[in-house]
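Student: Here's a structure for you.
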Amino acid sequence: MRVSLLRLFRRFKSKQMSRAISLMRNLEYKSLNECKQLQRDFLFNILDYSIKNVPYYTNVARRKKIQLTKENVFEEINKFPILTKNILKKEFKNLRAKNFSGTYFRNTSGGSTGEPAIFLQDNEYLAHNNAIREFFYNWAGRREGERLIKLWGSQDDILKGSSGIDKFYNKFIQRTLFLNSFEMSEKNMMKYIKSINKYRPKIIEAYAQSIYELAKFTHKNKLKVYSPQSIISSAGTLSEDMRNLIESTFKCKIFNRYGSREVGGIACNCEVSNNLHLNIFNHYVEILNKNMVPCKSGEVGEIYITTFHNHIMPLIRYKIGDMAVVANTPKCKCGRGIYTIKSVIGRTTEHFKKKDDSLVFAGYFRQLLYYLDWIKKYQIIQKRYNLIIYRIVLEKDAPKTDLEKIEKSVKKIMGNKCEVKFEFVKSISPSKSGKFLYTVCEIT
Ligand SMILES: [Zn+2]
């Protein structure tokens, strides 16, 4: 049964996807230089294609006098403007390639804050995105057709995966069981633990916050949970304390994968390091400081991404809204020639803002709540420069001394004028995309 299903799965896979996976496997352990060659070729091809076929970029090339060759592509890309979500909305029609005859579909960004952006993606993009997902699954120890549990929250993805041919494909071919992380209530979490114990997945793929909630619940109730080979966490920052609790609860390694709906899988750590290998097969990634200069080792910068394989609407230097720390050395101990970055420190929305424009990593406000046993759930909201609200679902009464300590620590970093309010509530809902946000900055 297994063998025939596996064959069927291979038939489901497009030739493009199989070719992309072969390329990834062939290049995986080659040198950094060889990987750079690959980036040069892909980057040249997509920029050249965009200038010739995408009206917005035809104009850019004319205006900026771009003369593209394979030799100068890493310099000429600097002449391309940054693509923001606003430009994407405004120039939507001009960003679409002329005379594109392939299959494509509409997608939207997660949009945890504000309006989600709409963009178009084609079949080739999809094949390459599926390939990188499969490639990262391999790193986490899962081979094609082995059991997978997805603790996922996007309603679209869940609905798509639970009816008709998709349901059949997921259940029998991909052997994927979906658990909806939209509502991580105690009742649901109990059900999920039972499902994991019964299904015994090779790996679990989950939203960082959802698997963290599940680990906390398991730990608190001293439940027995099946230990998969590994866990892939995605969508959201995986902090050190989250990593430790998840790994010790499920007794396995956690792989931190970073990606987005706009561009798919961007990076993932390997089995020997917590640094993240970039998906050099599908993207050209730039990490730039405020002056638009590439960040040095250890520096924090904004992430800009150029997609290689989406010909209906190529994204060039797309400002994804996340920040990353550049690694001390791009080479990883595992021997792979794929560049690494140190970490993604989260959405710019995962930062609180000060009046002088400086950012404070929102993790600072979260860690003030660590190890406080009277807190069941929380969300911290910056309403304005001088108002921070701690919304808390109580486990038991909050000691006054703890509240005073939190207030003092917030003021230490935000200034004495900053007001700190505590709101005690019955529940906190996840955002529209199903992701639970621990911190929200409402200053735009
Ligand atoms: Zn590595």
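The values are calculated or read from the model by the stated rules, or taken from the named source; none is laboratory data. In this text, all values refer to a predicted model and were calculated from it rather than measured experimentally. All Cβ positions, glycine included, derive from the backbone under ideal geometry; neighbour counts span all protein chains shown.
Student: Would you mind stating whether T218 is in contact with a helix residue (DSSP H, G or I) (Cβ under 9 Å, 6 or more places away or on another chain), away from the ligand (no atom under 16 Å from the Cβ), of a type in the set (V, I, T) and farther than 30 Å from M184 by Cβ?
Tutor: No; evaluated as a whole, the condition is false for this residue.
Student: Output the number of the condition that K70 fails; it satisfies all remaining conditions of (1) part of a helix (DSSP H, G or I); (2) in contact with an Asp or Glu (Cβ under 8 Å, 6 or more places away or on another chain).
Tutor: (1)
Student: Any residue at all in the stretch 377-387 that is closer than 28 Å to V325 by Cβ and modelled with pLDDT under 75?
Tutor: no
Student: Moving on to the next point. I'm checking my understanding of the structure. Among residues of the stretch 219-247 that are of a type in the set (S, T, N, Q) and at pLDDT 95 or above, which one is farthest from K376 (Cα to Cα)?
Tutor: Within the stretch 219-247, the match that is farthest from K376 (Cα to Cα) is Q229.
Student: Just give me the residues in the stretch 186-231 being among the aliphatic types (A, V, I, L, M) and in a loop (DSSP other than H, G, I, E, B), in sequence order.
Tutor: L223, V225
Student: Can you name every residue in the stretch 47-67 that is crowded, with 18+ Cβ neighbours inside 10 Å, in contact (Cβ under 8 Å) with a residue 60 or more places away in the chain and either in a helix (DSSP H, G or I) or among the charged types (D, E, K, R) (or both)?
Tutor: L47, S50, Y57
Student: Has the stretch 227-248 got at least one residue that is in contact (Cβ under 8 Å) with a residue 40 or more places away in the chain and within 16 Å of the ligand (Cβ to nearest atom)?
Tutor: Yes, that holds for at least one residue.
Student: Is it the case that the stretch 202-209 has a residue that's over 21 Å from I132 (Cβ atoms) and of a type outside the set (V, I, T)?
Tutor: Among the residues of the stretch 202-209, at least one is over 21 Å from I132 (Cβ atoms) and of a type outside the set (V, I, T), which makes the answer yes.
Student: Look through the stretch 243-294, keep the residues that are assigned to a strand (DSSP E or B) and among the aliphatic types (A, V, I, L, M), and return whichever of them is surrounded by the fewest Cβ atoms within 10 Å (Cβ to Cβ).
Tutor: The extreme case among them is L288.
Student: Here's another thing I want to ask about it. How many residues does the stretch 318-334 contain that are touching a helix residue (DSSP H, G or I) at 6+ places or on another chain (Cβ under 9 Å) and hydroxyl-bearing (S, T, Y)?
Tutor: Counting residues in the stretch 318-334 that are touching a helix residue (DSSP H, G or I) at 6+ places or on another chain (Cβ under 9 Å) and hydroxyl-bearing (S, T, Y) gives 1.
Student: Here is a further query. Do you know which residues across the stretch 295-313 are under 21 Å from the mean Cα position of the chain (by Cα) and assigned to a loop (DSSP other than H, G, I, E, B)?
Tutor: C295, G298, E299, F308, H309, N310, M313
Student: Which one of these is over 18 Å from C35 (Cβ atoms) and not basic (K, R): G337, G363?
Tutor: Testing whether each residue is over 18 Å from C35 (Cβ atoms) and not basic (K, R) leaves just G363.
Student: Okay, moving on. What pairs come up if the first residue lies in the stretch 15-28 and is closer than 13 Å to E124 by Cα, the second is hydroxyl-bearing (S, T, Y) and part of a loop (DSSP other than H, G, I, E, B), and their beta carbons are under 7 Å apart, counting only those six or more places apart or on different chains?
Tutor: Once the first residue is closer than 13 Å to E124 by Cα and sits in the stretch 15-28, no partner that is hydroxyl-bearing (S, T, Y) and part of a loop (DSSP other than H, G, I, E, B) comes close enough.
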